[in-house]
Every structure is written in structure tokens, then in C-alpha cells.
Amino acid sequence: MNASSQTLKSRALETLAGNWSKPMLAILVVMLVSCISVIPGIGFIISLVISGPLTLGMTIFLLEFSKNRDADISLVFSGFNRFTVAFLAYLLMLVFIVLWTLALIVPGIIAAISYSQTFYLLARNPDMTGIEAIDKSKQLMNGHKARYFWLCFSFIGWFLLSLLTLGIGLLWAIPYYQITLTKFHEDLYGDSAADGVGTQPISDILDA
């Protein structure tokens, strides 16, 4: 609990060592599917509809991969099995963040950080509703928002360097970033794989 940014990033690199290809491919798949948003007229609507399930599926994949298990790329699409919950959770988060942002930019950022654990919680709890996951995320993030912010901020250099490679570097930067945030969640939830404490595999929960 309360692991430093450096510790979380080290854990992420340990998990990724020799295993970069799977998260890179998973993220590439999500990015390609997300390109549907460029379709004139209906692209934005389709993107809005599928973003929730894709986010849930990617989160399930990340949690599975973070436990050093043989995560299957197909997990990226597993969120569509809970389409309604994932869609409503994403829509509620979007609405809340936009409303807070309209008030002031800073409250919008704080809201986004407060809701950051929502899809991790949905991945772990198949019976949880979107609003329950949002409320639980806010509870979990009490006292940890600054730590989360600085962890995210520590990746600025990685993303700036990726721009110098015309975006190619993002294939490494994004998996590193996403796995590190997953390590943050595990630390927050109290089941850090690095400490040898684990819950049952996410895929087992889905099959239950």
C-alpha cells in the first residue's frame, strides 16, 4: 500500500520484461477499433457506444496480464459481454467529468482521478453497477489522488519522446503507462502481484 511511483514503475517493467508483445498488440487492437470514430457523421456516436465495453475489456486484459498469467488478447473484447454496464459506466463518468470541467479545469481533473478505478472495480466485480463502481472508486481514491496524479505526470517525458518517433514510441510508452496504472490499482486494492499476494484470476471470475 502507498508504493512510490518508482516502485510501481519498476514492478511494471518486471512484468513487461520479455512480454512486451502482448500488451502492445492488445493496445494496437483497441486503437485500430477506435479509429471507427473518424467515420463521418456516425463515427462519434459509434465510438461513444463502444468505448465503455472496450475500456472494460482492456482493463480485464491488463489485470490478467499484470498477474503474470497467460492473458489472451481476446479478453480485450470481453467487455462486450457486459455491454450495458460498461456503456453506462463510461457515459456517467464522461458526463460527470464534463460537468466538473465546465465549472473549472482543476475540478474536472480531480473528478477524472477520483473515477480512475471504476473499470478496475467493474472487472473485479461482475455484479457491480456503473454508479456503484464510480462511488467505490471515489472512496478508494480518498487520500491517493495526489499520488495518482504524480504517477501519471511522471510519464510526460515518455510521451514527449514518443512524438519524436512520429508516434511509434507510443507502442512502448502506452503499455508501460497502462501496466504501471494497473500496479497502482493492485497496490491500492491490496493485492500487489509483486508482493506475492493475489486474488483469483480475472478470467476465473468471468467464467464463474
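Neighbour counts of other Cβ atoms within 10 Å put Tyr148, Tyr189 in the fewest-to-most order Tyr189, Tyr148. Computed about its Cα centre, the charge dipole of the chain is approximately 460 debye, with only Lys, Arg, Asp and Glu carrying charge at their Cβ. In straight-distance terms, cross-link reach from Lys9 covers every one of the lysines whose alpha-carbon lies under 16 Å from its own, apart from those fewer than eight places away in the same chain; here that gives Lys67, Lys183. Compared with the direct C-alpha span, the chain from Phe44 to Leu91 gains 15.6 nm at full extension, assuming 0.36 nm per residue. Report which label in (1) 23, 21, 20; (2) 26, 20, 16; (3) 43, 22, 15 holds the value of semi-axes √(5λ) of the Cα gyration tensor in Å derived from the coordinates of this structure. Correct label is (1). Taking every full run of DSSP H in the chain, the ones that stretch at least 27 Å from end to end by Cα along their long axis and average -1.0 or higher on the Kyte-Doolittle scale are 43-66, 83-103, 170-189. Calculated mean residue ellipticity, 222 nm, the chain: -22000 deg cm²/dmol, from DSSP H runs (n ≥ 4) at -39500 (n - 2.57) each, averaged per residue and rounded to 500.
Coordinate-derived values only; no laboratory data. Note that the structure is predicted; figures quoted are calculated from it, not measured. Reconstructed Cβ throughout: ideal geometry from the backbone, glycine too, with neighbour counts over all protein chains shown.
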